[in-house]
Structure formats: C-alpha cells, structure tokens
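Asker: Quick one: this structure, given as structure tokens, is what I'll be asking you about.
The values are calculated or read from the model by the stated rules, or taken from the named source; none is laboratory data. For clarity, every value in this text was computed on a predicted model and none was experimentally measured. Backbone-built Cβ (ideal geometry, glycine too); neighbour counts: all protein chains shown. Ligands, DNA and RNA are stripped out before the accessible areas are found, and what is left, the full protein with its side chains, is counted by its heavy atoms. Shrake-Rupley method; radii C 1.70, N 1.55, O 1.52, S 1.80 Å.
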Amino acid sequence: MKKSGKTIVLSRESLELRFALLKEGRLTEYEIERTDDLPKAGSIYLGKIVNLEPSLQAAFVDIGADKNAFLHYHDMLAGADEFLDRLAVEAKNSAGKGRKNLSDRLKKLLENRKKKITVNDIPEVFKPGTELMVQVVKSPIGSKGARVSTDISLAGRFLVLMPYSDHIGLSTKIEGEAERTRLRKILSELDIPDGMGVICRTVGEGRKSTFFKKDLEILLDAWRDAEEKVEKGAAPILLYREPDLLERSVRDFMTDDISGIMVDDKESYRRIHDMVKRFGGRKMASMVSLYEGKEPIFDYLNLEDEILNVFQKEVPLPGGGWLCIEETEALISIDVNSGKGRKGAEQPEFILQVNLAAAEEIARQLKLRNVGGLVVLDFIDMKSARDRDEVYKLMKKLVKDDRAKTNVLPISRLGLMEMTRQREHESLQDTVYNSCPYCGGSGVVKSAMTMSIEIQRRLQTLLKDKKYKNIPIRVLMHPEVLARLKNEDSRHLINLEQKYKHNLTFRADPELHCEEFRFIDPDTGMEID
C-alpha cells in the first residue's frame with residue numbers, strides 16, 4: 001500500500017462493515033455500520049403525526065421505528081407549503097365538501113396562499129393523524145428517537161437534489177471566482193424540473209457537464225420512485241433508503257487526492273469498482289483493489305492498535321504530553337497536559353508548541369470518535385494573547401476539513417476553548433460499548449470500605465428495632481466486601497454483636513453487585529426490610 005496521499009480501506013464481515021481513511025498511512029477517519037433496522041440519516045419516510053407537544057414546539061412522528069421521531073415546528077415549515085397545495089387540490093376535487101371540515105384559520109391559509117406560513121400556523125396545518133414526508137437528519141442516539149425534517153434533499157456524487165426548493169447553489173468550499181462562474185453556467189443548463197433545485201458538491205469542482213447530467217438523472221429517478229411509493233402505500237413507509245456505508249464511502253470520500261481503495265470482499269469490490277468506473281472512468285476504477293491476504297486487512301495495515309487507542313481516555317501527543325478525553329452526556333471535555341517535570345515546560349515557546357500539536361490531534365480525534373455537541377478544550381495556560389490567537393486560528397483551519405458542521409470560539413484567558421460539532425450518528429464509543437452494569441457508565445463503584453460502613457450503619461438501625469430482637473440476621477454481600485468485614489473491620493462487628501446481644505452471620509454471594517447487600521432471616525429465608 002502506498003504511504004503517500006489518501007487511501008480508503010473497507011472491510012466487510014457478516015454483522016459489520018468498517019471504513020477507514022488513511023492519510024500518509026495514518027488513520028484519520030473511521031466508521032462502522034452494523035446490520036440493524038434503525039433509521040439512517042438521509043433516509044426518507046412517509047410518516048404519520050402521533051401527537052403535538054406545544055411546550056416543546058414539536059411533533060412526534062411514527063415512521064415505523066421503535067421510537068417515534070422528533071420533528072420541531074421550525075423543521076415543518078419547509079413541507080408546509082407543499083402540504084397546503086395538496087390539501088387545496090383535495091378540497092377542490094371534493095367539490096367543496098372537504099373545506100367544511102377545516103378550521104376557519106386553515107381555510108384562511110388556503111385562501112391566502114401568498115401569506116408565508118409561520119411556526120404559529122403549524123398546529124392548524126398539521127393535526128395528529130396527518131401523513132407527511134420527512135427525512136431523517138439525525139439517527140437515534142441513546143434513548144432518543146430519530147430527528148426528522150420536512151426539508152427534503154437527496155445527495156448524489158456531485159449534486160444534492162432539493163425537490164421542494166428552486167435554489168441553485170454551490171458548496172462554499174469551492175474557491176476561485178472563475179470556477180464558481182463556470183459551475184453556475186453548467187448548473188443553469190441542466191434540465192432541472194420546475195420547482196426543484198440543486199447544490200453542487202465540493203467534489204464537483206473541475207468536473208465537466210456530463211458528470212452532473214448523469215448524477216441528476218440518478219437522483220431524479222430515486223425521487224420519482226419515492227413519489228410512486230407515496231401514492232401506493234400508507235404511512236409509515238420507507239420511501240428512500242440512504243445508501244450504505246460502502247456506497248457512501250465512495251460518494252463522499254472519493255476525491256482527486258485518493259490514491260487507492262482496498263476492499264477485502266469480492267462482492268463489495270465489484271460494487272465499488274462499478275460505481276467508481278461509472279462516474280470516474282477506467283483510470284479511476286483501476287485504483288480499486290481486492291485484498292485477498294490470509295491476515296485480516298486491518299491487521300495487515302496495522303490499524304487495530306490505532307483503532308483501540310480511539311477508545312482510550314488518554315491520547316499521547318508527539319514530542320511528549322497527552323490529551324485526556326472525557327465523553328459525557330452533557331459535553332465532551334478535552335484536557336491538554338504537557339507532562340510534569342519536563343525541561344522547558346514553563347517556557348511560553350514550549351507551551352505554544354504543545355498546544356499547537358494538541359490542536360491538530362484534537363481535530364483528528366473528534367473525527368475519529370465522531371463526538372458531537374458541546375466540546376470544551378482546556379489548553380495549557382498561555383499568557384500571550386498572540387499565542388492564544390495562533391492556536392485559535394489553527395483550530396479554525398483544521399475543522400474546515402471536517403464534514404460535520406463545527407463552530408469554534410476563541411480561547412479565553414483561562415485557556416478554555418468552546419466549540420460545537422454537529423453529529424448525525426452515535427459516537428463511536430456509544431456504538432461499540434454499552435454502559436457498565438456495575439458502575440452504570442460512571443466509571444466508578446463504591447469501595448469495599450464504603451460498603452462496610454453502609455452495612456454497619458444499616459445493621460445499627462435494624463438492631464435498635466425491638467421487632468428484630470429475636471430474629472437471626474444473615475447478611476449477604478459481594479465477596480470483596482465480605483473480605484473487608486472479616487479482616488480489617490471484624491472488631492467493629494464483634495462490638496455490634498456484644499452491644500445488642502445479637503448473633504450475626506455473613507455470607508458471600510458473587511451474584512450480587514459490589515454495591516448491593518441483603519439481610520435475610522436464615523430460618524425462613526425471608527428478606528428483612
């Protein structure tokens with residue numbers, strides 16, 4: 001495998017498809033897709049509104065998933081005009097009978113179609129039971145259902161088709177006024193149906209018009225297929241399925257700086273080879289290779305150790321120092337450490353270099369881990385405003401290459417940088433791991449000494465109660481806690497027995513959680529409250 005340029009690596013297994021993007025032989029992006037029926041970001045459904053929640057300004061929509069999708073009122077505005085147009089046609093075809101069942105406010109909206117629909121009109125337009133077309137903008141994450149929108153778009157290789165908008169635009173990442181003018185001319189000459197619009201993707205830069213024509217045909221066919229399903233089916237129904245990771249990896253990552261694609265599955269190899277040949281020709285298709293080695297492809301490329309490091313809290317920095325990354329429900333915190341006792345650790349120049357190296361690794365880790373939401377970065381304190389600004393400018397530059405929308409704020413005097421990163425899917429950690437059944441995801445459990453104290457405290461309460469005076473008490477607990485009670489704390493238990501003149505017995509139960517204990521009457525086997 002070539003070390004220069006970028007390389008896409010794909011590995012298919014029975015339950016999982018893995019994608020890796022290597023730059024100069026180093027892992028820069030990593031994704032996994034598993035065989036499940038969860039709604040994928042980009043998929044389009046004909047859903048049915050279950051209920052409206054005015055306090056949240058949102059609707060909950062049945063799209064056929066285990067959990068109803070969340071649809072904010074603002075995300076309903078895009079589809080409101082199309083829905084009213086359809087409602088007006090239905091009312092007209094029913095010879096006016098349909099209008100009798102409509103509210104006065106909704107009748108006015110239909111009569112005055114020039115008036116712009118607002119959030120306040122949504123409860124009148126979209127009643128529970130209403131069927132509407134929605135697109136998943138964020139897959140289910142944790143206990144939350146998918147988030148959807150009526151602002152529909154279909155992404156292709158070079159274009160994004162917008163069925164309900166006549167906007168024609170270009171990716172903001174395409175620079176150079178001459179190239180932007182050339183692309184606008186190509187888009188204006190495309191045979192785009194009335195009322196629809198397109199956006200030229202970044203990868204379209206430098207392409208000829210034939211590439212855009214083919215891409216538009218594919219997207220229009222997919223949209224027509226979705227519309228036919230609406231006519232034939234009843235909500236909830238899947239209208240358009242977002243392509244799988246195999247196809248998305250080629251669609252979204254196959255740029256001119258890609259030097260090769262390695263695949264370890266014959267069927268996947270044929271699919272990718274045909275896709276690349278279709279839009280890039282034979283020369284580009286020749287970059288796709290089938291890996292047939294005995295060793296798994298990720299092991300062969302020495303990627304497994306790098307992937308394992310993605311799940312570690314501590315990430316080493318080149319030249320010393322490390323990052324400490326904590327992913328929580330509220331935010332992701334990243335602490336930059338220089339390493340104590342290092343020569344020059346207090347020098348401004350050294351601190352700046354560590355922070356600059358940290359910024360580069362942070363940008364890489366955010367993409368690798370696919371973390372989103374609020375991210376707080378605690379850089380090593382820099383007294384110079386110029387140094388803080390240099391780190392800020394570098395971070396702004398680095399996140400430009402991130403496909404997820406990212407906003408970065410300048411570093412405060414405390415050395416903190418705040419940023420937000422959009423996320424469409426679960427983070428890598430949430431995909432691979434479940435919360436620990438012992439600690440519940442907190443990362444800590446009570447010590448044996450703490451449990452010993454709690455057991456003694458509970459025993460004190462029971463032994464003071466006269467109703468337990470003649471009832472034998474047996475305490476069941478985790479083996480590690482029992483070891484503490486029998487050794488370090490044995491004299492405290494003897495004092496309890498002597499003080500209350502009560503015989504106590506203690507037993508280990510490995511089935512119990514380390515923070516759990518039970519009081520049992522050994523004669524009856526009944527649990528004591």
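Asker: What dipole magnitude, in Debye to the nearest 20, does the chain give about its Cα centre under +1 on Lys/Arg Cβ and -1 on Asp/Glu Cβ? Present the calculation step by step, with values, prior to reporting the outcome.
Answerer: Numbers: 86 positive and 87 negative charges, 205 e Å.
In total the dipole reaches around 980 debye.
Asker: Here's something else I'd like to know. Highest mean first, how do 353-359, 327-333 rank when packing is the count of other Cβ atoms within 10 Å averaged over residues?
Answerer: Working: 353-359: 21.7, 327-333: 13.6.
Packing proxy ranking, top to bottom: 353-359, 327-333.
Asker: Next question, about the same structure. Only bridges with both residues in the chain count here: give the DSSP antiparallel percent, nearest 5.
Answerer: 75
Asker: Also, I was wondering about something else. What shape does the stretch 465-529 have by the C-alpha gyration tensor, where a ≥ b ≥ c are the square roots of the eigenvalues, rounded means a/c under 1.5, and otherwise prolate means a/b greater than b/c and oblate the rest?
Answerer: Note, shape of the stretch 465-529 comes out oblate.
Asker: Another question about this same structure. If you place +1 on the Cβ of every Lys and Arg, -1 on the Cβ of every Asp and Glu, and leave all else neutral, what size is the dipole of the stretch 270-314 about its Cα centre, to the nearest 20 Debye?
Answerer: 640
Asker: How long is the gain from E304 to K466 if the chain were fully straight, where each residue apart is worth 0.36 nm and the alpha carbon distance is subtracted?
Answerer: Between E304 and K466, full extension yields an extra 52.1 nm.
Asker: Here is a further query. Please list, by residue number, everything in the stretch 460-480 whose backbone N is under 14 Å from a paramagnetic label point 7 Å out along Cα→Cβ of T524.
Answerer: Of the residues in the stretch 460-480, 467-474 have backbone N under 14 Å from the label point off T524.
Asker: Sticking with this one: With only alpha-carbon pairs counted, each pair once and no self-pairs, how large is the Kirkwood hydrodynamic radius of the chain in angstroms?
Answerer: When all Cα pairs of the chain are included, the Kirkwood radius is 28.2 Å.
Asker: If you don't mind, there's one more thing I want to ask. Alpha carbon centre of the stretch 276-309 versus the stretch 465-529: separation in Å?
Answerer: About 60 Å separates the Cα centre of the stretch 276-309 from the one of the stretch 465-529.
Asker: Sticking with this structure for a sec: Determine which aspartates and glutamates satisfy two conditions relative to K313: a Cα distance under 13 Å, and not lying fewer than 8 residues away in the same chain.
Answerer: E326, E327, D335
Asker: Please compute the per residue accessible area over the chain with all protein chains in place, 1.4 Å probe, rounded to a whole number of Å².
Answerer: So the chain comes to 56 Å² accessible per residue, rounded to a whole number.
Asker: Report, in cubic angstrom per residue, the convex hull volume of the C-alpha atoms of the stretch 151-287.
Answerer: Looking at the stretch 151-287, the number lands at 127 Å³ per residue.
Asker: Restrict the search to the stretch 305-382; then list the chymotrypsin sites (Phe, Trp or Tyr not before Pro) that DSSP places in a loop and that have at most 15 other Cβ atoms within 10 Å of their Cβ.
Answerer: Loop-located and lightly packed - F311.
Asker: With a ≥ b ≥ c taken as the square roots of the eigenvalues of the C-alpha gyration tensor of the stretch 400-529, please select rounded if a/c is under 1.5 and otherwise prolate if a/b is larger than b/c or oblate if it is not? Don't skip to the end; give the middle numbers.
Answerer: Details: a/c = 3.93, a/b = 2.82, b/c = 1.39.
In terms of gyration-tensor shape, prolate.
Asker: Let me know the whole percent of all Cα-Cα pairs from the stretch 372-469 that are separated by more than 23 Å.
Answerer: Every Cα pair in the stretch 372-469 considered, those over 23 Å come to 58 percent.
Asker: Ranked from highest to lowest mean number of other Cβ atoms within 10 Å per residue, what is the order of the peptides 157-167, 225-235, 118-128?
Answerer: Details: 157-167: 18.9, 225-235: 12.7, 118-128: 15.8.
Top of the packing list down: 157-167, 118-128, 225-235.
Asker: How do 184-196, 70-82, 450-462 rank on mean C-beta neighbours within 10 Å, highest first?
Answerer: 70-82, 450-462, 184-196
Asker: Now for a different question. Cα-Cα over 25 Å: which of K6/K283; K277/K405; K467/K499; K138/K229?
Answerer: Beyond 25 Å between Cα atoms: K277/K405.
Asker: In addition: Just need the relative contact order of the stretch 126-276 here, percent rounded to a whole number, with Cα pairs under 8 Å and 6+ apart.
Answerer: 19 percent.
Asker: If you don't mind, there's one more thing I want to ask. Taking 0.36 nm per residue of sequence separation and subtracting the Cα-Cα distance, how much length would be gained by fully extending the chain between L238 and Q429, in nm to one decimal? Let's see the in-between values first.
Answerer: Values: separation 191, 0.36 × 191 = 68.76 nm, distance 2.83 nm.
Contour length minus the Cα-Cα distance gives 65.9 nm.
Asker: Let me check the size of the stretch 112-207 from its C-alpha atoms; what are the radius of gyration and Dmax in Å?
Answerer: Here Rg and the maximum Cα pair distance are 17.4, 50 Å.
Asker: Convert 20 °C to kelvin, take the viscosity as 1.002 mPa s, use the Kirkwood radius over C-alpha pairs of the stretch 182-235 as Rh, and evaluate the Stokes-Einstein diffusion coefficient in µm²/s, rounded to a whole number.
Answerer: 169
Asker: What part of the accessible area of the chain, given as a whole %, is carbon or sulfur when the probe is 1.4 angstrom? Mind showing how you got there, number by number?
Answerer: On the way: 14540 of 29660 Å².
On the chain, the fraction of accessible area on carbon and sulfur atoms equals 49 percent.
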